[in-house]
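Report on the following structure.
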Ligand SMILES: Cc1ncc(COP(=O)(O)O)c(C=O)c1O
């Protein structure tokens, strides 16, 4: 048998999906599995957008321009204006196969193997995979559940800068922490990237889902035009994860030129995905407003249920649709697997994402799990019933400890 590559063997496995075969096996035995492991919402995609695909009259499904439909890119300019983002041209926007491809293209286009990117952890798990593929080193600053995963201070970022540092990377609103960063916090980071001539990657795929304060995009900050790369997607805001349409936005022509090379290699973003995405721009604002109300309801419910469970520590998230909880277990991967293989309550179980995969530092997050509140309230209640019983029955119980935080709790 030919020898498989080291790159293949060592490739990172997704903590969100790699327990999937255990979920399939559980379902094969007739067990119901509540999927709180993945941000795949149960909310309907806007009908208007689905209709655009249904009514499409194409006789051929062609490649689109590598940068995406020009008509869609032009319309996106007005979408960004709704967030006060001015001065963008459609030429600053390249359509990608989901945000996922946008992240990869950002790394490939701006960074060399061995370059360092400073990032607060926990972070969206798949950044680990993208940095692995591109040979980039993630330099992490660990934040803790006890202080609501507050953004590390400017000084903590500065302390991480070395001659190899090329970028700061944040996700706002944040998956998995649910933090939403303020204008002041973003401007402080902006000062650092300017002073040290770094790129500033900001994943804004949850832009619509800031529940307490108005969302402030890094694209609003003047003077950062050469530094900022925003990653975007319709997956979350329009419940259209399968459309595979994202965008990369930058005002730096050199970045765009390089991203375009990668865009040309892979030929085209999906045709029908873009038909759907373009139609989403005509969806009335009431759609998002209603979706937001629904997520707030679910967030409040899941937070209230978790905070009443023995020995569970969590903070109410302010954005996105995830909550991290510190739970009385020995190891989150073991626990999440056990939920699928050994546990059931009323012929059901719950699938969670082990949070250790959302850290780059080995050993971190072992007692944490991430829950996506992407199912309706009734289902969340049933899933929480399962989790509550599971935490009592789990043989590897280890009490949680509150690690004291020094200083002010920024996010309380
Ligand atoms: C923060 C973040 N970025 C990117 C992605 C990937 O999005 P897409 O479906 O557009 O590739 C996700 C998906 O969960 C996410 O949570």
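Being farther than 21 Å from residue 171 by Cα and either surrounded by fewer than 18 Cβ atoms within 10 Å (Cβ to Cβ) or touching a residue at least 24 places away in the same chain (Cβ under 8 Å) (or both) is true of residue 294.
The condition of being more than 16 Å from the ligand (Cβ to nearest atom) and in contact with a strand residue (DSSP E or B) (Cβ under 6 Å, 6 or more places away or on another chain) holds for only one of 53, 33, that being 33. Taking the residues in the stretch 350-380 that are part of a helix (DSSP H, G or I) and in contact with a helix residue (DSSP H, G or I) (Cβ under 7 Å, 6 or more places away or on another chain) as candidates, determine which candidate is surrounded by the most Cβ atoms within 10 Å (Cβ to Cβ). Residue satisfying both the conditions and the ranking: 355. Put simply, of 16, 85 the only residue that is surrounded by fewer than 20 Cβ atoms within 10 Å (Cβ to Cβ) and not in a helix (DSSP H, G or I) is 85.
Quick check, is residue 43 under 22 Å from residue 374 (Cβ atoms), at pLDDT 95 or above and within 16 Å of the ligand (Cβ to nearest atom)? If you could, list the steps in order and put the result at the bottom.
Numbers: under 22 Å from residue 374 (Cβ atoms): yes; at pLDDT 95 or above: yes; within 16 Å of the ligand (Cβ to nearest atom): yes.
Yes: the conditions hold for residue 43.
Among the residues of the stretch 73-84, those that are modelled with pLDDT of 95 or more, over 12 Å from residue 256 (Cβ atoms) and away from the ligand (no atom under 15 Å from the Cβ) comprise 74, 75, 77, 78, 79, 80, 81.
Cβ-Cβ under 9 Å, sequence separation 6+ or interchain: first residue in the stretch 138-151 and touching a residue at least 60 places away in the same chain (Cβ under 8 Å) and not assigned by TED's automatic domain parsing to the domain that holds residue 170, partner surrounded by fewer than 19 Cβ atoms within 10 Å (Cβ to Cβ) and not in a strand (DSSP E or B). Which pairs? From the stretch 138-151, no pairs qualify.
Suppose we filter 273, 319 for residues that are out of contact with any helix residue (DSSP H, G or I) (no Cβ under 7 Å at 6 or more places or on another chain) and within 16 Å of the ligand (Cβ to nearest atom); which single one remains?
Selected residue: 319, the only one of 273, 319 that is out of contact with any helix residue (DSSP H, G or I) (no Cβ under 7 Å at 6 or more places or on another chain) and within 16 Å of the ligand (Cβ to nearest atom).
Please determine whether any residue of the stretch 377-385 is touching a strand residue (DSSP E or B) at 6+ places or on another chain (Cβ under 9 Å) and within 30 Å of residue 130 (Cβ to Cβ). Scanning the stretch 377-385 turns up at least one residue that is touching a strand residue (DSSP E or B) at 6+ places or on another chain (Cβ under 9 Å) and within 30 Å of residue 130 (Cβ to Cβ). Could you run through the stretch 53-78 and say how many residues are buried (at least 19 other Cβ atoms within 10 Å of the Cβ) and either part of a helix (DSSP H, G or I) or not assigned by TED's automatic domain parsing to the domain that holds residue 256 (or both)? Total satisfying the criteria: 3. Every listed requirement among (1) within 11 Å of the ligand (Cβ to nearest atom); (2) touching a helix residue (DSSP H, G or I) at 6+ places or on another chain (Cβ under 9 Å); (3) over 19 Å from residue 360 (Cβ atoms) is met by residue 173 save one, (2).
Look at residue 276 and say whether it is in contact with a strand residue (DSSP E or B) (Cβ under 6 Å, 6 or more places away or on another chain) and not in a loop (DSSP other than H, G, I, E, B).
Values: in contact with a strand residue (DSSP E or B) (Cβ under 6 Å, 6 or more places away or on another chain): no; not in a loop (DSSP other than H, G, I, E, B): yes.
No: the conditions fail for residue 276.
State the number of residues belonging to the stretch 106-116 that are in contact with a strand residue (DSSP E or B) (Cβ under 6 Å, 6 or more places away or on another chain), more than 22 Å from residue 72 (Cα to Cα) and within 15 Å of the ligand (Cβ to nearest atom).
Residues of the stretch 106-116 that are in contact with a strand residue (DSSP E or B) (Cβ under 6 Å, 6 or more places away or on another chain), as a first pass: 106, 110-111, 115-116.
Still in the list and also more than 22 Å from residue 72 (Cα to Cα): 110-111, 115-116.
From what's left, within 15 Å of the ligand (Cβ to nearest atom): none.
Final tally of qualifying residues: 0.
Just give me the residues in the stretch 86-105 being more than 15 Å from the ligand (Cβ to nearest atom) and at pLDDT 95 or above, in sequence order. Show your work before the answer.
Initial filter on the stretch 86-105 (more than 15 Å from the ligand (Cβ to nearest atom)): 86-92.
Answer for the stretch 86-105, where residues must be more than 15 Å from the ligand (Cβ to nearest atom) and at pLDDT 95 or above: 88, 89, 90, 91, 92.
Residue count for the stretch 318-330 under the criterion of being under 27 Å from residue 23 (Cα atoms) and either under 23 Å from the mean Cα position of the chain (by Cα) or without any contact (Cβ under 8 Å) to a residue 60 or more places away in the chain (or both): the result is 8.
Of the numbered criteria (1) touching a strand residue (DSSP E or B) at 6+ places or on another chain (Cβ under 9 Å); (2) touching a residue at least 24 places away in the same chain (Cβ under 8 Å); (3) surrounded by fewer than 20 Cβ atoms within 10 Å (Cβ to Cβ), the one residue 125 fails is (3). For residue 263, the criteria (1) within 16 Å of the ligand (Cβ to nearest atom); (2) in a helix (DSSP H, G or I); (3) under 20 Å from the mean Cα position of the chain (by Cα) hold in every case but one, which is (3). Just one of (1) in the same structural domain as residue 194 (by TED's automatic domain parsing); (2) surrounded by fewer than 17 Cβ atoms within 10 Å (Cβ to Cβ); (3) in contact (Cβ under 8 Å) with a residue 24 or more places away in the chain fails for residue 265. It is (3).
The values are calculated or read from the model by the stated rules, or taken from the named source; none is laboratory data. This is a predicted model, so every value here is computed, not measured. Cβ sites come from the backbone with ideal geometry, for glycine too, and all protein chains shown count toward neighbours.
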